[in-house]
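What follows is a single structure, written as structure tokens, with notes after it.
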Amino acid sequence: MAFRRAVVTGGAGFLGSHVCEELLRRGTRVLCLDDFRTGSRGNLPDHPALGVAVADVTRPLEVLGPVDLVVHLACPASPVDYLRMPVDTLRTGGFGTLHALELAHRKGARVVVASTSEVYGDPEEHPQRETYWGHVNPIGPRSVYDEAKRFGEAMTFAYRREHGVDAGVVRIFNTYGPRMRPDDGRLVPTFLRQARQGEPLTVHGDGTQTRSLCYVDDLVRGLLAMAESPHPGPVNLGNPEEVTVLEVARRVIEATGSTSTIRHVAAMVDDPRRRRPDIGLARRLLGWRPEVPLDEGLRRSLDRQLVGWSR
Ligand SMILES: NC(=O)c1ccc[n+]([C@@H]2O[C@H](COP(=O)([O-])OP(=O)(O)OC[C@H]3O[C@@H](n4cnc5c(N)ncnc54)[C@H](O)[C@@H]3O)[C@@H](O)[C@H]2O)c1
């Protein structure tokens, strides 16, 4: 199915810029709405079918003309960012999601809302299936993000039930790739930066905690498959290959040919011990599974990250 005109909130961020690019490649006209708090205009191409407008999604969204798809990604996503703006993160997860839903409802558009594996918190079920309700500390520092996203899901389902809007939720697991900010505090860009600069790679705790890392092109393909589906979700999107943080550090050192060592630092508060999506639903519903192996994804991120850094 080809969408004619899509609105992408948070389109100037890491994931959003890849979503915009892929929609443009598929012939969709795209309007990116972003207030650039963590994103950048430089992430987006100059393209005749791309419009970019400054908009804060915590305020009602006005868009002229028809829209048949809304992809709602706007939200601070890295711990460095959401811990710096905790109240705004909650506001964005709540009001921002409401405004994206209202826009989709007014336009009669499909809306895909980006949730996160963080709704599972520090999971007691492994791997995590969509039926698992999660294990989140509601008052810890990370709760501003986890609970914002849980509220966003509640809002999406309430809005769908009350107004019949065609909304779907995706729970995105750790995704990496080009255009992540080297200083955004997330695992892969931090390790890549440290390895490139020959600094020790900082591993929190003993490094046996696990992550599942999905390359961005795979994620965008899954997200747009969800856009084309009428399903409400939530649907997990992530790479089920589980690796320890220590192993990620070793693979980054290998991929970069760096002389960096590994340094253990204090564990983070409420850091999840294990993370792995069960992607059975995405496979059945969307025919989706990730294809890019970690080593290949790291190489691609590195090649294109170097270009980003010289900007
Ligand atoms: N990257 C991941 O691994 C991952 C994992 C799970 C979920 N997600 C979700 O995907 C979405 C995008 O994440 P990302 O990694 O690209 O983060 P990002 O920080 O690179 O992008 C977020 C974008 O949203 C914009 N934004 C934030 N608050 C806004 C507001 N109030 N109004 C308008 N624009 C606003 C930022 O300026 C930025 O361009 C987020 O909703 C995030 O929760 C990402």
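Just give me the residues in segment 253-286 being crowded, with 18+ Cβ neighbours inside 10 Å, assigned to a helix (DSSP H, G or I) and out of contact with any helix residue (DSSP H, G or I) (no Cβ under 7 Å at 6 or more places or on another chain), in sequence order.
L281
Conditions tested, residue by residue: (1) closer than 23 Å to G11 by Cα; (2) part of a helix (DSSP H, G or I); (3) over 19 Å from the mean Cα position of the chain (by Cα).
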| position | (1), (2), (3) |
| --- | --- |
| A225 | yes, yes, no |
| P230 | yes, no, yes |
| N239 | yes, no, no |
| L246 | no, yes, yes |
| R251 | no, yes, yes |
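Let me confirm something: among R299, R289, which residue is basic (K, R) and under 24 Å from H126 (Cβ atoms)?
Being basic (K, R) and under 24 Å from H126 (Cβ atoms) holds for just one of R299, R289, which is R289.
Identify all residues within segment 193-203 that are touching a Leu at 6+ places or on another chain (Cβ under 7 Å) and either in a helix (DSSP H, G or I) or within 14 Å of the ligand (Cβ to nearest atom) (or both); write none if there are none.
Across segment 193-203, the qualifying residues are Q194, A195.
Please go through segment 111-145 and pick out each residue that is within 19 Å of the chain's Cα centre (by Cα) and assigned to a strand (DSSP E or B).
Within segment 111-145, V111, V112, V113, A114, S115, T116, G121, Q128 qualify.
Just give me the residues in segment 44-72 being near the ligand (Cβ under 8 Å from one of its atoms), of a type in the set (A, V, I, L, M) and open to solvent by 20 Å² or more (accessible area, probe 1.4 Å), in sequence order.
So the first thing to find is which residues in segment 44-72 are near the ligand (Cβ under 8 Å from one of its atoms), and the list is 55-58, 72.
Remaining after also requiring of a type in the set (A, V, I, L, M): 55, 57.
Listed by number, the list holds a single entry, A55.
Here's a check for you: in segment 73-91, which residue that is part of a loop (DSSP other than H, G, I, E, B) and open to solvent by 10 Å² or more (accessible area, probe 1.4 Å) is farthest from the ligand (Cβ to nearest atom)?
By that ranking, first place goes to M85.
So which residues in segment 287-308 are in a helix (DSSP H, G or I), surrounded by fewer than 19 Cβ atoms within 10 Å (Cβ to Cβ) and not hydrophobic (A, V, I, L, M, F, W, C)?
Matches in segment 287-308: D295, E296, R299, R300, D303, R304, G308.
Within segment 28-43, track down each residue that is open to solvent by 60 Å² or more (accessible area, probe 1.4 Å) and more than 9 Å from the ligand (Cβ to nearest atom).
Answer for segment 28-43, where residues must be open to solvent by 60 Å² or more (accessible area, probe 1.4 Å) and more than 9 Å from the ligand (Cβ to nearest atom): R29, R41.
Of all residues in segment 146-192 being assigned to a helix (DSSP H, G or I) and acidic (D, E), which is surrounded by the fewest Cβ atoms within 10 Å (Cβ to Cβ)?
Here the residue is E162.
Of the residues in segment 175-210, how many are in contact with a Lys or Arg (Cβ under 6 Å, 6 or more places away or on another chain) and closer than 30 Å to A6 by Cβ?
2
Go through (1) of a type in the set (G, A, S); (2) modelled with pLDDT under 95; (3) over 19 Å from the mean Cα position of the chain (by Cα) for S301 and report which single condition fails.
In the conditions (1) of a type in the set (G, A, S); (2) modelled with pLDDT under 95; (3) over 19 Å from the mean Cα position of the chain (by Cα), S301 misses (3) alone.
What are the pairs, 6+ residues apart or on separate chains, where a residue within segment 11-26 that is without any contact (Cβ under 8 Å) to a residue 60 or more places away in the chain and within 7 Å of the ligand (Cβ to nearest atom) has its Cβ under 8 Å from a residue that is of a type in the set (K, R) and open to solvent by 10 Å² or more (accessible area, probe 1.4 Å)?
If the second residue must be of a type in the set (K, R) and open to solvent by 10 Å² or more (accessible area, probe 1.4 Å), the pairs left are A12/R41.
The values are calculated or read from the model by the stated rules, or taken from the named source; none is laboratory data. Predicted model, so just to flag it, every value in this text is computed and none were measured. So basically every Cβ, Gly included, is an ideal-geometry build from the backbone, and we count neighbours across all protein chains shown. SASA here: full protein model, heavy atoms, side chains in, ligands and nucleic acids out. Shrake-Rupley method; radii C 1.70, N 1.55, O 1.52, S 1.80 Å.
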